[in-house]
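> Quick one: structure below, then a few questions.
We did not get these values from a lab; they are worked out from the coordinates using the rules stated. In this text, all values refer to a predicted model and were calculated from it rather than measured experimentally. Note that each Cβ is placed from the backbone with ideal geometry, even for glycine, and that neighbours are counted across all protein chains shown.
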């Protein structure tokens, strides 16, 4: 199943002649193509996938609703042949302005005459509402993360490095079917926990450290994302205080997820609670983002987002507190927006975990 029907409906609604796609993400979503070399031309009633001999058979199996064409000279020559055969001699085409290289755009303009115009479209917005088959893949990816985190906890020891923890966690995900990490795994311990994106380093884990673990798996192209913060040994009073504030803010945010809420309204629920407890500048990033074929997708939840959430969007809820150079933590779940509420994808425990040392 792919997003061809959605795209052709968009072409009709926007009164476009067609769409030209080349980014791997959009080719995957709108055509089902997972090769590395492809170029799609879609009109209101036709769809063509242009690729080379390495991927012709693969594309034929994957690209439902598309005519697969193997180019022999260049992609641009093949594009002209398609346009001539189907009497497309003018019109407005939507292109991926954020993904199309300048030289490809220039080549496209040089190939087609002045009767053609182009408009840049952010196709990520069309991918924001997930189909049921996508939701199921996202559930599987999240479950891989949950099971891998559970397998990691008994292996944690003082004296390990952040990178050693990363390797264990990523290996556990691979064992359970992950294709690769969703992103560079974040393992930030001790004073490094104040860095929201402190990717794993060679720092040694010490007794008393907060350890923030932000990670995800990829299953059939779909990404999971979860953050948990643990403490190595008994938690200090400060750690308990900060954790309780972030946990309550995060729980309030999750409980507020529903169709109709805006990104900035959701952000305010988490942010205002943290602010009430005296930590305003210490929560300095957005509350959440979408997930799917990319780790960061539409929608977003931040102080400026007017996006109205609709059913079957995905949003992360991940408030945190970061005291520069001293201590920090974050708690994150991935959540499906429902018409009357939400479905949490990530199920690992959120109460503060104190690792026995």
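> Treat each spin label as a single point 7 Å out from the Cα along the C-beta direction, and report the residue 343 to residue 280 distance in nm.
Output for this residue pair reads 4.0 nm.
> Taking the DSSP beta bridges in the range 4-127 as the whole, what percent of them are antiparallel, to the nearest 5?
On the way: 7 of 18 bridges.
Percentage antiparallel, nearest 5: 40.
> May I ask you to compute the full-extension gain from residue 37 to residue 240, defined as 0.36 nm times their residue separation minus their alpha-carbon distance, rounded to one decimal in nm? The partial results should precede the final answer.
Numbers: separation 203, 0.36 × 203 = 73.08 nm, distance 5.11 nm.
In short, 68.0 nm is gained.
> Separate question: Please order 232, 173, 1 by the number of other Cβ within 10 Å, starting at the fewest.
Details: 232 23, 173 29, 1 10.
In increasing order of surrounding Cβ atoms, one gets 1, 232, 173.
> I would also like to ask the following. Just how many % of Cα pairs in the chain lie over 36 Å apart, if you round to the nearest whole percent?
31
> Moving to a separate point now. Taking square-rooted eigenvalues a ≥ b ≥ c of the alpha carbon gyration tensor, is the range 4-127 rounded, prolate or oblate, where a/c under 1.5 means rounded and, failing that, a/b exceeding b/c means prolate?
Taking the square roots of the gyration eigenvalues as a ≥ b ≥ c, the range 4-127 is rounded.
> Oh, and also: In percent, what relative contact order does the chain have, based on Cα pairs under 8 Å that are 6 or more apart in sequence?
Numbers: 789 pairs, mean separation 51.6, N = 357.
Over the chain, the number comes to 14 percent.
> Further question on the same structure: Gap in Å between the Cα centre of the range 218-295 and the Cα centre of the range 31-73?
The range 31-73 and the range 218-295 have Cα centres separated by 41 Å.
> What is the projected area of the convex hull of the Cα atoms of the range 105-166, averaged over all directions, in nm²? Provide the component values of the computation, followed by the final result.
Details: hull surface 35.0 nm².
Across all orientations, the range 105-166 yields a mean hull projection of 8.7 nm².
> Continuing with this model, one more query. What distance in nm separates the simple spin-label points at residue 5 and residue 58, each placed 7 Å from Cα in the Cβ direction?
The answer from the label model is 2.7 nm.
> Still on this structure, please answer the following. Going by a ≥ b ≥ c, the root eigenvalues of the Cα gyration tensor, does the range 55-145 fall in the rounded group (a/c under 1.5), the prolate group (a/b larger than b/c) or the oblate group?
prolate
> Roughly how many nanometres apart are two label points built 7 Å out from the Cα toward the Cβ at residue 87 and residue 150?
Going by the 7 Å Cα→Cβ label model, 6.2 nm.
> Cα gyration tensor of the range 265-357, axes a ≥ b ≥ c as square roots of the eigenvalues: rounded (a/c below 1.5), prolate (a/b > b/c) or oblate?
Numbers: a/c = 1.97, a/b = 1.34, b/c = 1.48.
Judged from the Cα gyration tensor, the range 265-357 comes out oblate (a/c at least 1.5, b/c at or above a/b).
> Of the DSSP beta bridges with both residues in the chain, give the percent that are antiparallel, rounding to the nearest 5. All intermediate terms of the calculation are to be shown ahead of the outcome.
On the way: 39 of 53 bridges.
So the antiparallel bridges amount to about 75 percent of the total.
> If R₀ is 41 angstrom, what is the calculated FRET efficiency for the pair residue 259 and residue 45, using the beta carbon separation as r and rounding to 0.05?
Numbers: r = 32 Å, r/R0 = 0.79.
Efficiency, from the Cβ-Cβ distance: 0.80.
> Taking R0 as 56 Å, what FRET efficiency do you get between residue 12 and residue 195 from their Cβ-Cβ distance, rounded to the nearest 0.05?
The calculated FRET efficiency here is 0.75.
> Evaluate Rg over Rh across the range 177-283, taking Cα atoms for both radii and Kirkwood's formula for Rh. Please list the in-between numbers first.
Working: Rg = 15.8 Å, Rh = 15.6 Å.
Using Cα coordinates only, the ratio equals 1.01.
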